[in-house]
Amino acid sequence: MVGNPLLMAGKARLRLQSMVISMREGPPPEQKGQNGVRKLPSPADIVITPCEVKETHGTGTLLLRMFRDSSSIVSLRTSDFYDGNQNFGAAQFCLPLAQLSRADVSSWVRWCLRGATVRRILCFPYLPADVVVAIAAKELFRVPLCTYIMDDKNVCADGISDAPMEELFSKSDLRLVISPEMRDAYVRKYRMRFWLMPPLVSDDL
């Protein structure tokens, strides 16, 4: 059992209220899931994930292998699956509530990255909110965006609807998938080019 839904909703509301107040009043005190607020790297590389970057799941393991040095990374995630604990990135932020409007998500991204010079964006879409955050970051900073599909949540599995996924792909400068079968399925559906990057290549690549 994940937890009491009413308790979880209450915590989410409190976190959202705190974030809204912080956005209005200026930089907030450091808090769990929002650390490193005053330590943004510049230039910054944004990495967008559905949850904490940890070795306890495949995406986290891959990211820790890909970025042994994460001192240039600002980690944006849309959920806490592991109590908000991760050691990845110079700064990390968790979206206060996944069901925010696109305008609110854009404001949140702008607030998280205020003062930073963003160099590039890498998104691992798994939840609908991941897509919204990636699109907002791309529209705000107009820098190269790479979308890397590790877990299908659109073609053969439900999770992310077609319209936002197509928008994300159309705004991505590079689209990666982990297998030839996944590449073929996404090419057929979206009529765009996807490149193969298996998650098991050697570290030097």
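Okay, here's what the table says:
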read-out: Residue satisfying condition, being surrounded by 22 or more Cβ atoms within 10 Å (Cβ to Cβ) and without any contact (Cβ under 8 Å) to a residue 40 or more places away in the chain, within set L95, L76; value: L95
read-out: Single condition I121 does not satisfy, out of (1) open to solvent by 50 Å² or more (accessible area, probe 1.4 Å); (2) in contact (Cβ under 8 Å) with a residue 12 or more places away in the chain; value: (1)
read-out: Selected residue (criterion: surrounded by the most Cβ atoms within 10 Å (Cβ to Cβ)) from residues of segment 43-71 that are touching a Gly at 6+ places or on another chain (Cβ under 9 Å) and in a loop (DSSP other than H, G, I, E, B); value: V53
read-out: Matching entry among V105, V155, V133 (being touching a residue at least 12 places away in the same chain (Cβ under 8 Å), assigned to a helix (DSSP H, G or I) and in contact with a Phe, Trp or Tyr (Cβ under 9 Å, 6 or more places away or on another chain)); value: V133
read-out: Any hit, segment 133-142, residues being open to solvent by 70 Å² or more (accessible area, probe 1.4 Å), in contact with a Ser or Thr (Cβ under 9 Å, 6 or more places away or on another chain), more than 13 Å from E52 (Cβ to Cβ) and of a type in the set (D, E); value: yes
read-out: Residue count, segment 172-193 (criterion: outside any helix (DSSP H, G or I) and open to solvent by 60 Å² or more (accessible area, probe 1.4 Å)); value: 4
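The values are calculated or read from the model by the stated rules, or taken from the named source; none is laboratory data. Being a predicted model, the structure only gives us computed values, none of them experimental. Cβ atoms come from the backbone with ideal geometry, glycine included; neighbour counts cover every protein chain shown. Remember, those area values only see protein heavy atoms, side chains included, never the ligands or the DNA or RNA. Shrake-Rupley method; radii C 1.70, N 1.55, O 1.52, S 1.80 Å.
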